[in-house]
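Every number here is computed from the coordinates shown, using simple stated rules; none is lab data. For clarity, every value in this text was computed on a predicted model and none was experimentally measured. Note that each Cβ is placed from the backbone with ideal geometry, even for glycine, and that neighbours are counted across all protein chains shown.
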Amino acid sequence: MALVNMKEMLADASLKHYAIGMFDVSDLEMVRAVVQEAETLRAPVILGALAPDLEGDRLEYWFALASLAAKKSSAPVCIHLDHANTLMEVMRAADIGFSSVMLDASSSPFDENIRRSREVVDALKGRDITVEAELGHVGNGWVGSGEGSESGPDMLTEPEKVAEFVERTKVDALAVSIGTAHGVYIKAPELDIDRLQKITAVSDVPLVLHGGSGTPEDQLQRAIANGICKINIYSEMLNAWNSRMLTELQALPHMAAWPAVLRKNPDAAMREVIRNKIRFFGSAGKA
Ligand SMILES: [Zn+2]
C-alpha cells in the first residue's frame, strides 16, 4: 500500500470518534512490529521517527525500512517525523519522503510558535505533507534528577488561544497539553477533560495527545471521546522490551547470544503493548 496522508487518516478518526496510534520506532524489529500488528488488526497506523534515530545517514536507513514496511503492508501507514526542532530537520524528512511532520515550537512564546509553525506550513505548500504543531507544552514525566514532573498548569493549552493559532499557522493537526507528559510517570496523570472539551469546541483541526504511554485507560478513553484523534506511544513499548530483555540476559549462561534469538521474547512483549493500544484506541477494523 502506498503511504497514506495523516490528514486523511485523522479526518476519519475525528468523524468516527476513535484514535490512531503513532508509535515511535527506532529499529527494524520495531518497524515490523508496528506495521504487522496493524495489518493483523486491520488498523491505520502511524510510524514515528525521533531525532536520535535520524542522525547522519541513519535517516536514509530509517526511511528505507519504514517505507518498505509501508509498501508491503495491507494496512494504511503514515510515516511521520516526531518533534522536529528546526525547519532544516523538517525539510530533510520531507525531501526523503515522509508523509507527515511535527514541528515542536511549543517552548517558544505564542507569536514565535506561530511564526515557526507557519514557516513549516509555507515551506511544504503544495507537497501533500501533513503538518502538526503543538500549543501549550507537554513536558517530561520523569526528569534525570528524579525530582518530578516538569509539566505544570502553566504549560497547559489555553483554549482561548487555539482558534487564533490554527487560523494563523494553517496547521493540519494540533498537539495539546491537557495533563499528560512524555516518558515514565512518577505519579498517574489527571487529564483536564473540561479543558479538552473547550479546545475541541473551537478547533477546526484534529487534536493529538503526546505522552500516551502509561496514561490510565479510563482517562485515554475520555480523551478519545472528547476529540483526541492521534495518541503517541513510545515509552511503554521500550519499558516492555527492556524489562523483558533484562530477564533474558540475566538467564543466560554466557553473553554470546544471537540477537535474533535473544530478542524474541522482548519483541513479543513489545508487540503486546502495540496490539493492546490499537485495540484500545478503537482503530482496529478501521482500515
Ligand atoms: Zn511527544
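Brief remarks follow.
- Each Cα pair under 8 Å and six or more residues apart adds its separation to the average, and for the chain the resulting relative contact order is 22 percent.
- C-alpha center-to-center spacing [the range 208-224, the range 244-281] in angstrom: 24
- Residues T86, T130 arranged by fewest to most Cβ contacts within 10 Å: T86, T130
- Cβ-defined net charge surrounding P216, 13 Å radius [Lys, Arg +1; Asp, Glu -1]: -2
- Environment charge at E164 (Cβ cut-off 11 Å; Lys +1, Arg +1, Asp -1, Glu -1): -2
- Near H17: Cβ cut-off under 15 Å, other residues only, Lys/Arg at +1 and Asp/Glu at -1. The net charge is +3.
- Using a Förster distance of 25 Å, the FRET efficiency for T40-E248 (Cβ separation, nearest 0.05): 0.55
- When each of K7/K161; K264/K286; K7/K125; K71/K264 is checked by Cα-Cα distance, pairs over 26 Å: K264/K286
- Summary of the geometry: the range 149-206 and the range 1-72, compared by the centres of their Cα atoms, lie 23 Å apart.
- Axis angle, to the nearest 10 degrees, between helix 264-281 and the longest C-alpha principal axis of the chain: 30 degrees.
- For the range 1-134: rounded, prolate or oblate by the Cα gyration tensor [a/c cutoff 1.5]: oblate
- Set the Cα radius of gyration of the chain against 2.2 N^0.38 Å, with N its number of residues, and you get 0.97.
- Computed [θ] at 222 nm, deg cm²/dmol, the chain (DSSP H ≥ 4; -39,500 (n - 2.57); rounded to nearest 500): -14000 deg cm²/dmol
- Helix 110-123 axis, angle to the chain major axis (alpha carbon atoms, nearest 10°): 70
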